[in-house]
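Before any comments, here is the structure.
Please treat every number below as a calculation from the coordinates, not as lab data. Treat the numbers as computed from the prediction; the structure is a model and nothing was measured. Please note: Cβ atoms are built from the backbone with ideal geometry, for glycine as well, and neighbour counts cover all protein chains shown.
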Amino acid sequence: MPDLSRGDNLMDSQQEESDAPIEIAIVGDLTDHESELTEKLLAIEPGGECTLYFDSPGGSPYCAMSLMTLIRMRELNATGIVTGECSSAALWPFAACRRRVVTPFSVLLFHPMRWQSEENVGLAEAAEWARHFAMLESDMDDLLADLFQMPHDLMGQWINPGKYVSGRELAAQGIAELVEFADIANFQPHANPSSNGSDSPRKAGRPTAVRKAN
């Protein structure tokens, strides 16, 4: 008589795989991978779970805002894990995650926004961009502060003139959970968090982004 249990076990395994949260690697410059990252986020049903692995130095603030907006607008239950670096513009999508995780070796660079252009820009356009840039920086400072729920004065000390913040320092401020390296093999990204993971945003200060003018 055929062993039907093997078929049942295979179906159960396939079902578990299909139900597993989507995992997305956010690696390198955000701008270079914006289309791919956007498609992957849109592939997750609204309210669905996902794990985002960060190792990014940043990129365009507009790309960062777009990814952050998708995560929040679609109410994704996102777990953000900084496996290496999460700096500059990459701070925004990380801040949008409902659960944030770091190791003692995670690094996050906070610094004032910078305007970078590789093309000639006319005086009138430069003046308009300077006006827009000042407004953008102020608004995004406030937004990141709301997301991270961190005192603005402390964040100001991190941003000016700039500060590399370790995972341990970030966890000490209640912005993320700290997973010690000795425990990392037993870490479960989608288990109930012990410290961070409320739906409400956390506090921080200003975004750290590089704007490349066209």
Discussion item. Assuming 0.36 nm per residue, please report the length gained on full extension of the stretch residue 153 to residue 43 beyond their Cα-Cα distance.
Written reply: 35.8 nm
Discussion item. Output needed for the stretch 12-97: three equivalent-ellipsoid semi-axes, defined as square roots of 5 times the C-alpha gyration tensor eigenvalues, in descending order, whole Å.
Written reply: 22, 13, 11
Discussion item. Can you sort 128, 34 from fewest to most other Cβ atoms within 10 Å of each residue's own Cβ?
Written reply: 128, 34
Discussion item. Cβ neighbours within 10 Å, averaged per peptide: list 178-184, 25-31, 142-148, 80-86 in order, most packed at the top.
Written reply: 80-86, 142-148, 25-31, 178-184
